[in-house]
Amino acid sequence: MLRFATVRLLRALITILAVITFAFVVLRLSGDPAQVMLGPDVPQESVDAFRKAWGLDQPLWIQYLAYIRAIFTGDFGVSMRDKASAMQLVIERIPATLQLTIPALFLKVVIGIPAGVYAALHRQSAVDRGVILAAIFGFTIPSFVMGLLLVLIFSITLGLLPSGGQDTWQHGILPTLTMSIGGIGILARFSRSAMIEVMGQPYIRTASAKGMKWQDVVWKHALPNAAVPIVTIVGFMVGTLIAGAVVVESIFSWPGIGRLLVVSVSNRDLAVVQCILLMIAATMVVSNLIVDLLYGFLDPRLRAQSAH
Amino acid sequence: MTSPLIEARGLVRTYEVRQGMFGRMTPVRAVDGIDLKVMPGETLGVVGESGSGKSTLGRMLLGIDPPQDGQVIFDGKPMPKLGTREWRALRAKMQFVYQDPLAALDRRLTIAEQIGEPLAIHGLVPKQFQAARVAELMSAVGLRPDQAGRYPHELSGGQRQRAVIARALASRPKLLVCDEPVSALDVSIQAQVVNMLRDLQEENRIAMVFISHDLKVVRNVADRVAVMYLGRIVEEASSDVIFSTPLHPYTKALVSSVPVPGKLLKGRVILQGEPPNPARRPSGCAFHPRCPIAADICRTQVPQLLSVADGRTAACHMVAGVDQSVAA
Amino acid sequence: MTVADIANPQSPSLSLFTRLIKQLRKVPFSVTFGIVWLVAMVFVAFFADMIRPYGITAMDLRARLSMPGNPAHLLGTDELGRDVLSRLLQSIRVSLAIAFGATIISAVFGTALGFAAAKFRGVVEHLVLVLADFQAALPFLIMSLAVLAFFGSSMPLLIGLMGFYGWERYARIARGLAISASAQGYAAAIVQLGATPARVYMHHILPNVASTLIVSMTLTFPEIILMESGLSFLGLGVQPPETSLGNMVGFGREYLTRAPWIMLAPAVVIMVTTLSISLVGDWLRDKLDPTLR
């Protein structure tokens, strides 16, 4: 178990380093930072002074190390637009994004998993067909289409809910729904197949054959075993939450990280973009790591090894 | 005396094996110092139980597994490195016949295409004559012309192995290494394929290394036989001699395990103990834990492969002792 | 694995044509619908220039925001009086071209890296696996946004960028299949025949893994369509005056209240197209490669 955890941790660190390197390389490829920061009509002396001040006259690998050091101390540079710390700007937006993503994740889990499990236990029922249909729509309807359809129905046609902004709790309903509907279907479909797979195993048949109560078979044998793959996909969903927020926040003018990213990309505000990039990558890697460790904990085969 | 076609000198091959889940890597000697020679047109049978290193030896003779120590000399020249242009060119002269013909064939190509492949690879036959050569090879191994367009899964096991043999013979090699070529086939088919191999080998004067655990089969094809135990040759002699008067106790056990019609089972030597595990090699003579005549010296000293008579060698303290006392 | 039996007839007595007809009879309705729709889309992509009634920038200022069903403008017009149907046909062409080009790039790139990892093992293999980890750690949309932020948006960059989508899937599959082929099977036998690595990989391993790779392409293709339309929707993908499905939805969004048809037409096309590909893809997967189910 310890060895397993160490290997996973090492791989996570390497992945983070790869993302940082990617940001550094793309940043350097996209143009001379001095030119980008100072603008085109600046005398050569001040360009040189800028380079010296920021260490841009150093060899590339020293710049690379300095870049890594800066990132680990939270120094992502200054937003070109607001002249504020990029890190500060991003942190200010985090709560708004969490206001959408956490309820969305909650909905996915509390609706998706039970619906999937129910569908698996009642094959060919209405719920089962609904789950399959919902999953197909979850896979094929992009979130921007889903968001606009919801706006068209609930805001424009029915006039029930606001279509953009962050003023009241009602404003959060449509974005949260947009973020969760597809995910509910996908998670339900996944839970369904995980459960069906487990229910087909010989130990389940043995448990029911020896006269165990049906509820006990489901709760004590099937669910714990189906939990392992379901936890994996939930963990993956946690990692992609912020990424999913990009489109939804743009549709509903929700002032979170995703919208900040899109605006910063349009303005080519590189400091903010790389700050968000690294933050999302870190979320992804950390949630994957937690899932891996959880997986190791949930799977008795891996747990047994730690006893060795 | 002519020079040997292929010669192995002190071949060693070790594998790293992990013991247990978190255990350390320990080296396992699959092949542990083997010398042998094969003359042009001669068939050498290599016999041993699984784990004796006979398959590894076959792969090393072909240069697929590089030896850690020792070398292989083919046609007077050292074996080139695996994957080099020279190594690839040499494939035209030495070929391999596999245990599982279905795995050795590409399931997406017809057998005619596959039999013709060595011709295309080595540019041996002009394109317009390729089909004729393939037809000739197919009839030589006993495949019907109408089977040319068949895919491997549409043929029987024996037919597939015939196709593999035809492919191996396409480039007119001087050496054929066969690793358990018939053990995956039905017993009724085995004899047909073995006889066909022997006929082809004699007709074309091909030297052959025939690896098998099955003594009956080896007896049928081999001119000379080398018996392997845990990575070493323990006895080598001409086929007739080794089957009539085996010297090494392990060979004796192997030979007596082959039932002979009309002979009673009395006097058979039955092997005892565990089959050999190369990861746990006994000290001294590797065979001593299972040997009915083991003495103290067998537990401490490794017996050398010594000449015991004209053209025959054995690695056994007891046998060597007999021989020396006679000479004295 | 059981590779497609399309190329090697099980029963040579039946002609290819008869078997094709037999297969088609068994096709479920949803798959038939998907195939018909996809054929129509491909037709549109090829002949968009000829079948669209107006130029994509031709403005009919007297008929701005006109409703669908109008005989002059079947799907209505947008805020500048441009014909929605014409723009839709052109958008289908652009979006499909990008997705097709990107799928090919991704498949070739990923397969090549996977084969390289299988052939050279060691450092190369580790490098490829680290790259795949990296790709998996960064949501593709975010990575694309970052690249577009740094370099600005242009058509070749967009196709190139989309061409990175899903490469790691092909790389993993190609590597796995190539390793198992050379470990015990036919590939090792062909090496032993004296074939060059290029011949082994191109002539033998590639045809054997092709069906699995094609199945993966049916998974990647709709995802790339969604990815491109998402980027274009955000205004960071295909740039005006060129148009794509996502781009149309993005601009149509401004007129959601007064002229929802501008946005609905491309949205429906996106949904039905990705749906059709998944339906046909699922069916193909079952037919071609039972191991992937």
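Read-outs: derived from the displayed coordinates by stated rules, not from any lab. Since this is a predicted model, take the numbers as computed values, not measurements. Heads up, the Cβs are rebuilt from the backbone with ideal geometry, glycines too, and the neighbour counts pull from every protein chain shown.
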Bins of 10 Å, starting at 0 and running to the largest distance - Cα pair percent for chain B: 5, 24, 32, 24, 12, 3, 0
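Quick check on chain C: take the gyration tensor over C-alpha atoms, sort the square-rooted eigenvalues as a ≥ b ≥ c, and tell me if it's rounded (a/c under 1.5), prolate or oblate. Please report the intermediate quantities before stating the final value.
Details: a/c = 3.00, a/b = 1.62, b/c = 1.85.
It is oblate, given that a/c is not under 1.5 and a/b is not larger than b/c.
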Report, to the nearest 10°, how far helix B:127-140 tilts away from the longest principal axis of the Cα atoms in chain B, using its own Cα long axis and a range of 0 to 90°. 50 degrees
Using only Cα atoms, locate the centre of region C:195-258 and the centre of region A:1-30, then give the distance between them in Å, rounded to an integer. 27 Å
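Can you put B:PHE74, A:PHE22 in order, fewest other beta carbons within 10 Å first? Show your work: numbers first, answer last.
Details: B:PHE74 22, A:PHE22 19.
By the 10 Å Cβ count, ascending: A:PHE22, B:PHE74.
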Log entry: pair-distance distribution for region B:108-168, C-alpha pairs binned every 10 Å from zero, whole % per bin is 25, 59, 16, 0
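When the helices in chain A are scored as -39500 (n - 2.57) per DSSP H run of 4 or longer and the sum is shared across all residues, what 222 nm value do you end up with, to the nearest 500 deg cm²/dmol? Mind dumping the intermediate values first?
Details: 14 runs with 223 residues, N = 308.
Taken over chain A, the calculation gives -24000 deg cm²/dmol.
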Helix-only CD estimate at 222 nm, as mean residue ellipticity for chain C, using -39500 (n - 2.57) per DSSP H run (n ≥ 4): -22500 deg cm²/dmol
Between region C:118-159 and region A:194-213, how far is it from one alpha carbon centroid to the other, in angstrom? 43 Å
What helices in chain A pass both tests, a Cα length along the helix axis of 24 Å or more and a mean Kyte hydropathy of -1.0 or higher, using whole DSSP H runs? A:2-29, A:86-107, A:173-199, A:223-251, A:270-298
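Which of the trypsin sites (Lys or Arg not before Pro) found in region A:202-250 are in a DSSP loop and have at most 11 neighbouring Cβ atoms, other than their own, within 10 Å?
On the way: sites: A:ARG205, A:LYS210, A:LYS213, A:LYS220; in loops: A:LYS210, A:LYS213.
Passing both the DSSP loop test and the Cβ count: A:LYS210, A:LYS213.
Can you tell me how region A:86-305 classifies by the Cα gyration tensor, rounded, prolate or oblate, using a/c under 1.5 as the rounded cut? Spell out each step's value before the answer.
Details: a/c = 3.13, a/b = 1.61, b/c = 1.95.
Oblate shape, in that a/c is at least 1.5 and b/c is the bigger or equal ratio.
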Based on other C-beta atoms within 10 Å, arrange B:VAL319, C:VAL39 from fewest to most. C:VAL39, B:VAL319
As I understand it, the value is the acute angle between the Cα axis of helix B:187-204 and the longest principal axis of the Cα atoms of chain B; what does it come to in degrees, rounded to 10? 80 degrees
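In percent, how large is the relative contact order of chain B, given Cα pairs closer than 8 Å and 6 or more residues apart? Don't skip to the end; give the middle numbers.
Numbers: 610 pairs, mean separation 64.2, N = 328.
The normalised contact order for chain B reaches 20 percent.
Scale the Cα Rg of the protein assembly as shown by the rule-of-thumb value 2.2 N^0.38 Å and send over the ratio, two decimals. Spell out each step's value before the answer.
On the way: Rg = 35.4 Å, N = 929, 2.2 N^0.38 = 29.5 Å.
Its radius of gyration relative to the 2.2 N^0.38 Å reference: 1.20.
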Enter the angle in degrees (range 0 to 90, nearest 10) between the Cα long axis of helix B:157-169 and the first principal axis of the Cα atoms of chain B, meaning the one along which they spread out most. 80 degrees
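Checking the table B:LYS93/B:LYS127; B:LYS54/B:LYS77; B:LYS77/B:LYS127 against a 29 Å threshold on Cα-Cα, which pairs fail?
On the way: B:LYS93/B:LYS127 20 Å; B:LYS54/B:LYS77 23 Å; B:LYS77/B:LYS127 31 Å.
Distance filter (> 29 Å) returns B:LYS77/B:LYS127.
Which of A:ILE136, B:ILE297, C:ILE224 comes first, and how do the rest follow, when ranked by fewest Cβ neighbours within 10 Å? Don't jump to the answer; show the numbers that get you there.
Numbers: A:ILE136 19, B:ILE297 14, C:ILE224 24.
Starting with the residue having the fewest Cβ neighbours, the order is B:ILE297, A:ILE136, C:ILE224.
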Considering region C:38-192, what Rg and Dmax in Å follow from its alpha-carbon atoms? 22.6, 75
Can you grab the distance from the C-alpha centre of region B:168-210 to the C-alpha centre of region A:102-119, Å, no decimals? 64 Å
Taking the alpha-carbon distance from C:LYS287 and a cut-off under 24 Å, which lysines remain once sequence neighbours fewer than 8 residues away in the same chain are dropped? C:LYS22, C:LYS26
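Can you pull out the trypsin sites (Lys or Arg not before Pro) in region B:144-251 that DSSP calls coil and that have at most 11 other Cβ atoms within 10 Å? Could the numbers behind the result be given before it?
Values: sites: B:ARG150, B:ARG160, B:ARG162, B:ARG167, B:LYS174, B:ARG198, B:ARG205, B:LYS216, B:ARG219, B:ARG224, B:ARG232; in loops: B:ARG150, B:LYS174, B:ARG205.
Sparse-neighbourhood loop trypsin sites (Lys or Arg not before Pro): B:ARG205.
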The long-range amide H neighbours of B:VAL209, using H built 1.01 Å from N in the peptide plane and a cut-off of under 5 Å, are B:LEU44, B:LEU176, B:VAL177, B:CYS178
15 Å beta-carbon shell around C:THR274, net charge (K/R +1, D/E -1): -3
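If you take the square roots of the eigenvalues of the alpha-carbon gyration tensor of region B:1-122 and sort them as a ≥ b ≥ c, do you get rounded (a/c under 1.5), prolate (a/b over b/c) or oblate? Please report the intermediate quantities before stating the final value.
Details: a/c = 1.85, a/b = 1.22, b/c = 1.52.
Note, shape of region B:1-122 comes out oblate.
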Please sort through the DSSP H helices of chain C and keep those with an alpha-carbon extent of at least 15 Å along the long axis and a Kyte-Doolittle average not below 0.5. C:29-51, C:84-120, C:122-137, C:140-151, C:206-233, C:260-288
